[in-house]
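What follows is a single structure, written as structure tokens, with notes after it.
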Protein chains: 2
Amino acid sequence: MVEQPQHKAITRRRLQRMAAVLARRQPDIAIALEDVHDPHNVSAVLRSCDATGVADVHLVYDAEEPPELSRGVSAGTNRWLRTTQHANIEECYRAVRDQGRTVFATTLSSDALDLYDVDLTEPCALVFGNESRGLSEQAVEAADASIRIPMLGMAESLNISVACAVILFEAMRQRRLAGYFEAPRFDEQRMRSTLARWLERDERDPTLARKAEFDPQEFPLVWPRTQPRPDVAGDDSG
Amino acid sequence: MVEQPQHKAITRRRLQRMAAVLARRQPDIAIALEDVHDPHNVSAVLRSCDATGVADVHLVYDAEEPPELSRGVSAGTNRWLRTTQHANIEECYRAVRDQGRTVFATTLSSDALDLYDVDLTEPCALVFGNESRGLSEQAVEAADASIRIPMLGMAESLNISVACAVILFEAMRQRRLAGYFEAPRFDEQRMRSTLARWLERDERDPTLARKAEFDPQEFPLVWPRTQPRPDVAGDDSG
């Protein structure tokens, strides 16, 4: 994507899309990555978070350097997410537990809970480890439980971005059945502050729009849905 | 992985593992890739197939060169799969329809069926397109239906390997609920011929084992299961 100068006004359509996405964001599910170092993996993980309504990403880089997540103001899925970096796994777990979440370490261990037996509609944090080493012992031990993706083949592991997608889309499937995407779950304050941050980072200029057709600060964040499904279809480019 | 000379005999344990995996292979689900060119993507896709019991992979390279799938006798997940290359999409669809499968094109279109509304326990083939162009118009039009993964975020597409994993693990979830992994679904002929091919490609030498403890050709392909779950846990290295 070519970086464009910020001289186009944001459109009502794009603002509506942001509001629609915000209305599906889930405050009670988060992921944490421990020393996941490949930027392609991190980028794919962030994309899965965005797609499944997960807004909060916690990062721990103990043994590895953090990858470069943003390649300019407008690029990267991370602008749609809230990422928090922690010095170590204890600090990370403290942060996610403060919000009442159960911490699930993802492992390959046959002792772990089967993903499809876990209720992911409950407040939870899903923790993923480094590409080759997996999660540290410490991260597994300090978690509330371990979960694994059942695998029925000869190969014994999945790429981290694939594993994360399988788990997050299963959470989304369960949460759709539970009706979690039918009404906003962020409170209005978080919706407003998130929208403000998104507008700030967007390639379209909200200040131009503010002076013209409508004021994004006053933009209604919930409006009647015409679609029977909680998917956000259609054009994002407007 | 370092290529090893074939001088170690295959163990009973490894043969048991192969038989366990074979007992979970699904004869009535396949995937097709149209011009997916990145070897990392193809490799991740094959890994998801193996993990979810999908044995048949159809490849169409019309606009792109086929990627190099095997890096030596013992490397690569493709040794556990049956890959068939086709000259064009019609030939590919003819091949999968001969086996009575419904052909689902995977797209981003909002007109497509929602993945989670589709019954993937029925015989089906899932078709995935090129990384940047997606499926050709022809491939979409000649399919029986289109399906899409619901996405609730700002980003509008998923990496092909992520999309494929999300769909195949959903198929596996449905098929586990339907009991499809509780008894072998390949007929004995296909189990025997597949096992023979796997042994041929394995880094462990079955001919040494044949002379010794047991004869792989006579190895029982179904045996009592002690695990309550159809997962194959444990060590693959034996």
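Any read-out appearing in this document is the output of simple, stated calculations on the displayed coordinates, not a laboratory observation. It should be emphasised that the depicted structure is a prediction, and the values quoted were computed from it without experimental measurement. Cβ coordinates were reconstructed from backbone atoms using ideal geometry, including for glycine residues, and neighbour counts include every protein chain displayed.
Fewest first, what order do B:PHE186, B:PHE181 take by the number of other Cβ atoms within 10 Å?
B:PHE186, B:PHE181
Restricting things to alpha carbons, tell me how big the range B:1-158 is in terms of Rg and Dmax, in Å.
Every Cα atom of the range B:1-158 included, Rg and Dmax give 17.0, 55 Å.
Could you check what % of the DSSP bridge pairs in the range B:16-93 are antiparallel, to the nearest 5?
Restricted to the range B:16-93, the bridges split so that about 0 percent are antiparallel.
Only loop residues by DSSP count here, and only those with at most 14 other Cβ atoms within 10 Å; note down the chymotrypsin sites (Phe, Trp or Tyr not before Pro) in the range B:51-147 that meet that.
Loop-located and lightly packed - none at all.
Within 10 Å of each candidate Cβ there may be at most 13 other Cβ atoms; applying that plus a DSSP loop requirement, which trypsin sites (Lys or Arg not before Pro) in the range B:121-214 survive? Working shown, then result.
Details: sites: B:ARG133, B:ARG148, B:ARG173, B:ARG175, B:ARG176, B:ARG185, B:ARG190, B:ARG192, B:ARG197, B:ARG201, B:ARG204, B:ARG210, B:LYS211; in loops: B:ARG133, B:ARG185, B:ARG204.
Passing sites in the range B:121-214 are B:ARG133.
Normalising by the residue count of the range A:121-210, find the relative contact order in percent from Cα pairs under 8 Å and 6+ residues apart. Kindly include the intermediate steps, with their values, before the conclusion.
Numbers: 21 pairs, mean separation 22.7, N = 90.
This gives 25 percent for the range A:121-210.
Using a label position 7 Å from Cα in the Cα→Cβ direction, what is the ascending list of nm distances from B:ARG97 to the same site in the other copies?
5.9
In nm to one decimal, list the spacings between the A:GLU188 label point and its equivalents in the other copies, with label points set 7 Å along Cα to Cβ, shortest first.
7.2
Over all distinct Cα pairs, what is the inverse of the mean 1/r for the range A:90-176, reported as the Kirkwood hydrodynamic radius in Å? Intermediate results must be reported in sequence, preceding the final value.
On the way: mean 1/r = 0.0749 Å⁻¹.
Hydrodynamic radius (Kirkwood, Cα pairs) of the range A:90-176 is 13.4 Å.
Quick one: if you take sqrt(5λ) for each eigenvalue of the C-alpha gyration tensor of the range A:135-187, what semi-axes come out, biggest first, whole angstrom? Please list the in-between numbers first.
Numbers: eigenvalues 143, 60, 18 Å².
So the equivalent ellipsoid measures 27, 17, 10 Å along its semi-axes.
Find every distance from the label point of B:GLU131 to the corresponding label point in the other copies (7 Å from Cα along Cα→Cβ) and write them in nm, one decimal, shortest first.
Distances to the matching label points in the other copies: 1.4 nm.
Looking only at other chains, what is the average number of their beta-carbon atoms within 10 angstrom of each beta-carbon in A:41-54? Before the final figure, lay out the partial values.
On the way: counts 0, 0, 1, 4, 1, 2, 9, 8, 2, 6, 12, 6, 3, 2.
Partner Cβ neighbours, averaged per residue: 4.
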